[in-house]
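Chemist: Have a look at this one.
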Amino acid sequence: MFENEMKEILDLVLEISTETDVSVSYDYDSENKILGVLAEGKLFTVSNGKFLVDEADECKRYLVKLGGASFRRKQLRALKQLHSSEIAECINELLQELQKREDPILDHENPEMALNRIEYHAAGGWLPGGRTTQATGDGSDNLYCFFEEVPEC
């Protein structure tokens, strides 16, 4: 898990250094398994311990913020190239993040219900990369929204 977090942070550092004028540095101590990122005078340390996810998430949020609008536009351009089934997977990951933050997406007409997940019901046939698939769900090649009741506070 630590290696994945390091790679994600390094990717952000590299993108920021090539896409913006922001000053950013990355240092990894392999002996102690500690990652240091210095960005615009703010220092982040990420270690392979109890607070790994919190430390890494804080660092990534800051780096994305530094990348600004051009960084987000680049990410959106990449997402737009995905197949609908892959976009549904991304949406579900983002929904899970919002659910962890207790920020549900409510149904406008029924605010007691929140968006839970998106499903892609594939028609049988070819997928990107030359893969084939059997029809799933109703085989309609549509995206469907599924809702769940909002928990009581």
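Chemist: Could you check, for the range 4-18, whether at least one of its residues is part of a helix (DSSP H, G or I) and small (Gly, Ala, Ser)?
Modeler: yes
Chemist: Would you please name the residue that is most open to solvent (accessible area, probe 1.4 Å), looking only at residues in the range 1-54 that are charged (D, E, K, R) and within 20 Å of the chain's Cα centre (by Cα)?
Modeler: It comes out as LYS7.
Chemist: I'd like to know if the range 80-88 contains one or more residues that are open to solvent by 70 Å² or more (accessible area, probe 1.4 Å), hydrophobic (A, V, I, L, M, F, W, C) and closer than 28 Å to LEU12 by Cβ.
Modeler: Checking the range 80-88: not a single residue is open to solvent by 70 Å² or more (accessible area, probe 1.4 Å), hydrophobic (A, V, I, L, M, F, W, C) and closer than 28 Å to LEU12 by Cβ.
Chemist: Moving to a separate point now. Would you check if there is a residue in the range 30-50 being assigned to a helix (DSSP H, G or I) and touching a residue at least 12 places away in the same chain (Cβ under 8 Å)?
Modeler: No - not one qualifying residue is present in the range 30-50.
Chemist: On the phi < 0 side of the Ramachandran plot, of a type in the set (A, V, I, L, M, F, W, C), touching a helix residue (DSSP H, G or I) at 6+ places or on another chain (Cβ under 7 Å) and free of Cβ contacts under 8 Å to residues at least 12 places away in the same chain: is that true of ILE105 in this structure?
Modeler: Answer is yes for this residue.
Chemist: For GLU5, which of the numbered conditions (1) on the phi > 0 side of the Ramachandran plot; (2) touching a helix residue (DSSP H, G or I) at 6+ places or on another chain (Cβ under 6 Å) fails to hold?
Modeler: The single condition GLU5 does not satisfy is (1).
Chemist: In addition: Just for the range 59-76: of the residues that are modelled with pLDDT of 85 or more and out of contact with any strand residue (DSSP E or B) (no Cβ under 7 Å at 6 or more places or on another chain), which one is most open to solvent (accessible area, probe 1.4 Å)?
Modeler: Among those residues, the one meeting the criterion is LYS65.
Chemist: Something else about it: Here's a check for you: in the range 106-148, which residue that is open to solvent by 80 Å² or more (accessible area, probe 1.4 Å), modelled with pLDDT of 90 or more and part of a loop (DSSP other than H, G, I, E, B) is farthest from ASP54 (Cα to Cα)?
Modeler: Once the filter is applied, the top-ranked residue is GLU109.
The values are calculated or read from the model by the stated rules, or taken from the named source; none is laboratory data. Worth saying up front: this structure is predicted, and the values here are computed from it rather than measured. Neighbour counts run over all protein chains shown; Cβ positions are idealised from the backbone, glycine included. Surface areas here come from the heavy atoms of the whole protein model, side chains and all, with no ligands, DNA or RNA. Shrake-Rupley method; radii C 1.70, N 1.55, O 1.52, S 1.80 Å.
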